[in-house]
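Here is the structure we will look at.
The values are calculated or read from the model by the stated rules, or taken from the named source; none is laboratory data. Values in this document were obtained by computation on a predicted structure and should not be read as measured data. So basically every Cβ, Gly included, is an ideal-geometry build from the backbone, and we count neighbours across all protein chains shown. Remember, those area values only see protein heavy atoms, side chains included, never the ligands or the DNA or RNA. Shrake-Rupley method; radii C 1.70, N 1.55, O 1.52, S 1.80 Å.
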Amino acid sequence: MRDSQLARAVLEYAGLGAVLVALIAVFSLRSDHFFQMATAISIANQIPDLTLLAVGMTFVLVVGGIDLSVGSVLALSSAVLGVLMVDYGWPLFLAILAGIVIGQLCGLCSGFISVRFGIPSFIVTLGMLEIARGCAKRVTGSQTRYIGSSVEWIGEPIAGLMLSPAFLVAIVAVILGQFVLTRTVFGRYCVAIGTNPETVRMSGISSKPYTITVFAMSGVMCALAGLAQTSRLSTADPNAAIGMELSAIAACVIGGTSLMGGRGSVISSFFGVLIIAVLQTGLAQLGVSDATKQIITGIVIVVAVLLDAARSRMGERSTSGV
Amino acid sequence: MSLDAQPLFAATGLTKRYAVTVLDSVDFDLRQGEIHALIGANGAGKTTLSKIIAGLTPKSSGTMKFDGQAYCPKTKKSAEAVGIQIVQQELNLVASLSVAENLMLSRMPHRFGVINRSQLHQQARVALDRFGLKDIQTDTVTRSLGVGQRQMVEIAAALDRQCRILILDEPTAALSANETQALFNWLGRLRTQGVGMIYISHRLDEVSQMADRITVLRDGKKVATHDAADLTTDAMVDLMSSEASLTREFNTKKTRKSRQENQAALKVDALSRGRFVRDVSFTLKKGERLGVAGVVGSGRTELLRCLFGADIADSGSVQLAGSDVTTPPRHPYEAVARRMAMVTEDRKESGLLLSQPVRVNATLASMREKLSAAGIILFGKERRLAAEQCEAMETRYTSIEQSVGTLSGGNQQKVVIAKWLMRDADVFLFDEPTRGIDVAARIRIYRLFDALTDAGKSLIIVSSDLEELYEVCDRIAVMSNGQMVTSYERNEWSEDKIMQAAFSEYVKKEAT
C-alpha cells in the first residue's frame, strides 16, 4: 500500500518534471545562452513572489474557493511597507510585520464574508481586488516609494550560496505548505471540504473556521510575496502585480490542482511556477515578442489542463471495477 | 402476457471487462409485455448489464439483437431513439430546475427557441397526473422535493416518453408503500401494452409479486433464468448468495432478545421544526433499538436531522444521558460532541467523499480526536484503524487507498458506518441504512445493530421497509404528518396498526 502511494507520487511529479525537462531541452537547443548558471539564478530570483502566491492559492483552490485579490493585496501590503519605511522611518522588520498583518486582514475579510454569508469567493475576492488596489493607491497617493538598499538584500543572492533570502523563504513556504496539506488534520479537512462540504458537516466538523483560515493564509502569502517583489524592484509600487492572480491560478492549474476543489498539491503548483518561469525566460532569450509570449503561455496552460484531464480519466478507468 | 416466439430483445455472450471482468458471457432475453427481474448481490453485474443495454456503457464483447435487428447503442440517446429507457438508481434530475422542466427536459415545447411555459406546465401536469402524482406541483424546484418524490418524478419522466423496453434499477428503494403500489399499477398497464421491462431489485417479495421471469446473476455470471412462479424467495436467496444458509438462519430468528435497560439514553421533549417536526416527544432507552415508521414526507428524516443538528429545531429539548445540556444541537459538531452519530439517507450527497480513498472516508470523523498528535496525522495508526474497522464490517475492496466511489453501494454504506464506529457514540441515528444494498450487506448491518446494542448503545432506525423494522427493532414509533403519533412494542405491533397510525394525521387533515 505504501509502495503504491509512493509510486503514485513519483508518477504525479514525473509528468510535470518531464514537461519541465522538455522545455529546458528545447530552449537549450535553440539558444546558446539558456543552459547556463546565470539563467538558473535569474529564474530563481524572479519566482519567489509567484511561488508564494501559488502556495496560498493552492489551499484556496483545494477548499473549493478562488482568490482573485492576491495581486492587489500584494500591492497593498507592499505599499504599506514602503510608506512606513520611507515616510515614517519604520525599521524593516516592523514594516514587514505591518504588511503581513494587512495582508492577513484582507484574506480574513474575504474568507469571513464568503463563509458567513455564503457568497461565492469569486465575487467577494473580486470586490477585494478593487478595494485593496484602491487602498494601495490611497496609502501611497499613487506615488511609488523608493526604498533602496535596506530592502534590496532580501532579493539578492547570499554570498557563496547564490540564492536570495526571498527564494529561500519561498522554498520553505512550499515545503511547509506541502507538509500542512498532506500531513496535518488541517490539510485533510481542507481536501475534504473541497470534495464535499456537506459530508464534512454531517461528519461533525465545522468547516467555516478552516475555510476562513485558508483565505487568511493566502493573505499572509500575498504580504510575503509583496516583500519579495519590493526587494527585487527596490520600490513599493501601488500598481504592482496587476493580473498576477491569474498567473498564480495558472501555476496551480498547470500543476493539476482542480478548480472544483478537493484536489491539489503545493509541490505540483511549484512545478507550475517553474514551467511558467522557464517559458518566460526562454522565450525572452529567443527574442520572441511579448505578444507571441502571451499566446504560447496561454497554449501551455490549456494543454496542461487537457493532459491532466486525460490523466485523471485514465486513472478512473483503471480503478473503477463495477 | 404475450409469449412471442421471437423475443423483443436478446443478448448472447455479453461481456464487460474493466481491469477485471464484471460481466462474463451472459445470455439474456426479454419478451414483449414481460417483466423480467434481474437479481443478485451487489457487484453481481445487474447494473452493468442494464447499462450496456441502455447505451450507457459499451460492451467488451457479445452480440445484442433488438426486434430481430443487430443492436449496439453508442450512447443513451441512441438507445432512447429506438425506444429503450432506463431509470437509474442514482437520481438524475437537475436539482435547480422545476419539476416540469425536468420532465420535459429533452423535448421542451418551444417556439423559435423560446419556451412555451403554459404548454410546458400543462404537459408536465398530464404526465404527473397519469402517474397519480397529483400533489406534486409542476413549478416546484426539484431540490425541495424529498428523495421519494424525486424518484417518482424521475420514473414518471421515463414513462412519459414512448418506450418499448423500460429498465428500472431499484425503483422502489426510496418509495413508500403507497408509491410503490402506484408504480406497480403502472407497470401492469405497460405490460398489457407490450412494453418489455427489466426490473432490478433487492426486494425479493416485490420481485416475486411483479416479475414474469427471473434471471439470477452472481459474480458477473448468469446462474439461472426461471419463471417467477417456480421460484420461492428462499430459492432466490440460495441462487444469489453464497451466504444463503446464513440468511435463512437469520430470517427464522423471529423473536429477538431485547437488550434494553431501564435507563434513558436520550430524552426528546416537544421538539419542533416548521411543519415537518411538530411537538415530538419520546425517550430512548439505553440499548434500545427504536424504529421510526411513516410514509415518505411524514417527517422521519427531518426528525433525525433535528436531533443531529443538521437542521436547527425551532423549539423543544434534546438531552443525552450524562449531560446537562437540553438545547437541541445547532450543528452536527455539537451533536457529535454529545456522542451522537448519524448515517444519512443519501450516502453520496452527505455520507462520503466519493473521490477520496476508503481510508480518508473511514477516518474523517476521528482525525482530530484519535488519529493525530499536535495536528499532525499519524499515518500508520490511521491506515491500521481504517483497515481494521472496514474489515470488521466485512467491506470488500482491493485496497484502502481505492477511491470509495468505485465501491458498490453496500460496501460504500459499510464505509460510512465504519466512520462512525471509529468515532464511537452512545446514540446512533440510521436513516434508511439498507437502501439499495444487497442481502449479504443488509444482514451484516443487522448483525451490527445487535453488536451495538450489546455494547449498550442506543439506535434510532428510520426505514421505509416495515419488514426491516420488524426484524431489527424493539419498538416502532410511527410518524404521521410531522407528529410522532404512537409507538408499539414488539409484542403489540402489526402492519394494520402501523399503517393506520401512519395515515392518522393525514386523514384528520382532510376531514377538517
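Checking residue B:434 against (1) outside any helix (DSSP H, G or I); (2) in the same structural domain as residue B:469 (by the TED database); (3) open to solvent by 40 Å² or more (accessible area, probe 1.4 Å): exactly one of these is not met. Which one?
Unmet for residue B:434, out of (1) outside any helix (DSSP H, G or I); (2) in the same structural domain as residue B:469 (by the TED database); (3) open to solvent by 40 Å² or more (accessible area, probe 1.4 Å): (3).
The rows are residues; the columns are (1) open to solvent by less than 20 Å² (accessible area, probe 1.4 Å); (2) among the β-branched types (Val, Ile, Thr); (3) over 15 Å from residue B:88 (Cβ atoms).
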| site | (1), (2), (3) |
| --- | --- |
| B:152 | yes, no, no |
| B:188 | no, no, yes |
| B:211 | yes, no, yes |
| B:215 | yes, yes, yes |
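Criterion first (more than 8 Å from chain A (Cβ to nearest Cβ), part of a loop (DSSP other than H, G, I, E, B), open to solvent by 50 Å² or more (accessible area, probe 1.4 Å) and in contact with a helix residue (DSSP H, G or I) (Cβ under 8 Å, 6 or more places away or on another chain)) does residue B:394 satisfy it?
Taking the combined requirement at face value, the residue satisfies it.
Going through the stretch B:402-417 one residue at a time, which ones are outside any helix (DSSP H, G or I) and open to solvent by 20 Å² or more (accessible area, probe 1.4 Å)?
Residues satisfying the conditions are B:402, B:403, B:408.
Restrict the check to the stretch A:248-255 and report whether at least one residue is more than 20 Å from residue A:77 (Cα to Cα), at pLDDT below 95 and not hydrophobic (A, V, I, L, M, F, W, C).
Yes, that holds for at least one residue.
Please indicate, with yes or no, whether at least one residue in the stretch A:134-141 is in contact with a Ser or Thr (Cβ under 9 Å, 6 or more places away or on another chain), at pLDDT 95 or above and closer than 30 Å to residue B:311 by Cβ. Full working, then the answer.
Of all residues in the stretch A:134-141, those in contact with a Ser or Thr (Cβ under 9 Å, 6 or more places away or on another chain) come to A:134-136.
This time we only want the ones that are at pLDDT 95 or above, so: A:134-136.
Those still in the list that are closer than 30 Å to residue B:311 by Cβ too: none.
No, the stretch A:134-141 has no match at all.
Being open to solvent by 20 Å² or more (accessible area, probe 1.4 Å), modelled with pLDDT under 85 and in contact with a Ser or Thr (Cβ under 6 Å, 6 or more places away or on another chain): is that true of residue A:312 here?
no
Is it the case that some residue within the stretch B:130-153 is on the phi > 0 side of the Ramachandran plot and at pLDDT 80 or above?
No, that holds for no residue.
I'd like to know if the stretch A:124-137 contains one or more residues that are part of a loop (DSSP other than H, G, I, E, B) and within 23 Å of residue A:107 (Cβ to Cβ).
Restricting attention to the stretch A:124-137, the residues satisfying the condition of being part of a loop (DSSP other than H, G, I, E, B) are none.
Looking for residues that are part of a loop (DSSP other than H, G, I, E, B) and within 23 Å of residue A:107 (Cβ to Cβ), one finds none in the stretch A:124-137, hence no.
Please determine whether any residue of the stretch A:188-195 is within 14 Å of chain B (Cβ to nearest Cβ), surrounded by fewer than 21 Cβ atoms within 10 Å (Cβ to Cβ) and of a type in the set (Lys, Arg).
No, the conditions are met nowhere in the stretch A:188-195.
Out of curiosity, is residue B:37 crowded, with 23+ Cβ neighbours inside 10 Å, in a loop (DSSP other than H, G, I, E, B), hydrophobic (A, V, I, L, M, F, W, C) and in contact with a Lys or Arg (Cβ under 8 Å, 6 or more places away or on another chain)? Reasoning before the result, please.
Working: crowded, with 23+ Cβ neighbours inside 10 Å: yes; in a loop (DSSP other than H, G, I, E, B): no; hydrophobic (A, V, I, L, M, F, W, C): yes; in contact with a Lys or Arg (Cβ under 8 Å, 6 or more places away or on another chain): yes.
No.
Which is away from chain B (no Cβ under 14 Å), in contact with a helix residue (DSSP H, G or I) (Cβ under 7 Å, 6 or more places away or on another chain) and at pLDDT below 95, of A:287, A:298, A:282, A:219?
Exactly one residue qualifies, and that residue is A:282.
All but one of (1) open to solvent by 10 Å² or more (accessible area, probe 1.4 Å); (2) more than 10 Å from chain A (Cβ to nearest Cβ); (3) closer than 22 Å to residue B:432 by Cα; (4) not acidic (Asp, Glu) hold for residue B:322; which doesn't?
Unmet condition: (3).
Residue under question is residue B:378, and the condition is that it be more than 9 Å from chain A (Cβ to nearest Cβ) and within 18 Å of residue A:181 (Cα to Cα); does it hold? So that I can check it myself, show each step before the final result.
Values: more than 9 Å from chain A (Cβ to nearest Cβ): yes; within 18 Å of residue A:181 (Cα to Cα): yes.
When the stated conditions are applied, residue B:378 passes them.
Residue-by-condition table, conditions (1) open to solvent by 10 Å² or more (accessible area, probe 1.4 Å); (2) more than 7 Å from every other protein chain (Cβ to nearest Cβ); (3) touching a residue at least 60 places away in the same chain (Cβ under 8 Å); (4) among the hydrophobic types (A, V, I, L, M, F, W, C):
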residue	(1), (2), (3), (4)
B:328	yes, yes, no, no
B:334	yes, yes, no, no
B:342	no, no, yes, yes
B:348	yes, yes, yes, no
B:356	yes, no, no, no
B:359	yes, yes, no, no
B:363	no, yes, no, no
B:371	no, yes, no, yes
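Please go through (1) closer than 21 Å to residue B:287 by Cα; (2) surrounded by fewer than 23 Cβ atoms within 10 Å (Cβ to Cβ) for residue B:304 and return the number of the only condition it doesn't satisfy.
All conditions are met except number (2).
Filter the stretch A:105-123 for residues that are part of a helix (DSSP H, G or I) and open to solvent by 80 Å² or more (accessible area, probe 1.4 Å) and give the result.
Residues of the stretch A:105-123 part of a helix (DSSP H, G or I): A:105-116, A:121-123.
Answer for the stretch A:105-123, where residues must be part of a helix (DSSP H, G or I) and open to solvent by 80 Å² or more (accessible area, probe 1.4 Å): A:105, A:112, A:116, A:122, A:123.
Would you confirm whether or not the stretch A:178-189 contains a residue that is closer than 30 Å to residue B:373 by Cα and assigned to a loop (DSSP other than H, G, I, E, B)?
For the stretch A:178-189, residues closer than 30 Å to residue B:373 by Cα and assigned to a loop (DSSP other than H, G, I, E, B): absent.
Residue B:193 - would you say it is polar (S, T, N, Q), over 28 Å from residue B:7 (Cα atoms) and outside the structural domain of residue B:298 (by the TED database)?
Numbers: polar (S, T, N, Q): yes; over 28 Å from residue B:7 (Cα atoms): no; outside the structural domain of residue B:298 (by the TED database): yes.
Criteria not met by residue B:193.
Is it the case that some residue within the stretch B:453-465 is open to solvent by 10 Å² or more (accessible area, probe 1.4 Å) and over 27 Å from residue B:338 (Cβ atoms)?
Yes, the stretch B:453-465 contains at least one residue that is open to solvent by 10 Å² or more (accessible area, probe 1.4 Å) and over 27 Å from residue B:338 (Cβ atoms).
Based on what the data block shows, is residue B:464 among the hydroxyl-bearing types (Ser, Thr, Tyr), part of a loop (DSSP other than H, G, I, E, B), modelled with pLDDT under 85 and not assigned by the TED database to the domain that holds residue B:233?
Working: among the hydroxyl-bearing types (Ser, Thr, Tyr): yes; part of a loop (DSSP other than H, G, I, E, B): yes; modelled with pLDDT under 85: yes; not assigned by the TED database to the domain that holds residue B:233: yes.
Taking the combined requirement at face value, the residue satisfies it.
Looking at the stretch A:223-239 only, could you name the residues that are open to solvent by less than 10 Å² (accessible area, probe 1.4 Å) and either within 23 Å of residue A:294 (Cα to Cα) or touching a His at 6+ places or on another chain (Cβ under 8 Å) (or both)?
Scanning the stretch A:223-239 gives a single hit, A:225.
Farther than 23 Å from residue A:112 by Cβ, open to solvent by less than 20 Å² (accessible area, probe 1.4 Å) and part of a helix (DSSP H, G or I) - does that describe any residue in the stretch A:207-218?
no
Checking residue B:72 against (1) within 14 Å of chain A (Cβ to nearest Cβ); (2) at pLDDT 85 or above; (3) over 21 Å from residue B:186 (Cβ atoms), which test does it fail?
Every condition holds for residue B:72 apart from (1).
What is the residue count in the stretch B:120-136 for residues that are exposed (fewer than 15 other Cβ atoms within 10 Å of the Cβ) and either under 11 Å from residue B:100 (Cβ atoms) or free of Cβ contacts under 8 Å to residues at least 24 places away in the same chain (or both)? Reasoning before the result, please.
Applying the first criterion (exposed (fewer than 15 other Cβ atoms within 10 Å of the Cβ)) to the stretch B:120-136 yields B:122, B:126, B:129-130, B:134-135.
Filter once more, so that each one left must be either under 11 Å from residue B:100 (Cβ atoms) or free of Cβ contacts under 8 Å to residues at least 24 places away in the same chain (or both): B:122, B:126, B:129, B:134-135.
Final tally of qualifying residues: 5.
Of all helices (runs of 4 or more DSSP H) completely enclosed by the stretch A:16-96, which ones contain at least 1 residues that are on the phi < 0 side of the Ramachandran plot, open to solvent by 50 Å² or more (accessible area, probe 1.4 Å) and among the aliphatic types (A, V, I, L, M)?
Hits in the stretch A:16-96: A:37-46, A:70-86.
Select from the stretch B:341-358 the residues that are acidic (Asp, Glu) and either in contact with a strand residue (DSSP E or B) (Cβ under 7 Å, 6 or more places away or on another chain) or not in a helix (DSSP H, G or I) (or both) and write down the one among them that is nearest to residue A:258 (Cα to Cα).
Step one: of the stretch B:341-358, the residues acidic (Asp, Glu) are B:345-346, B:349.
Then keep just the ones that are either in contact with a strand residue (DSSP E or B) (Cβ under 7 Å, 6 or more places away or on another chain) or not in a helix (DSSP H, G or I) (or both); that gives B:345-346.
Values: B:345: 28, B:346: 25 Å.
Applying the filter and picking the extreme gives B:346.
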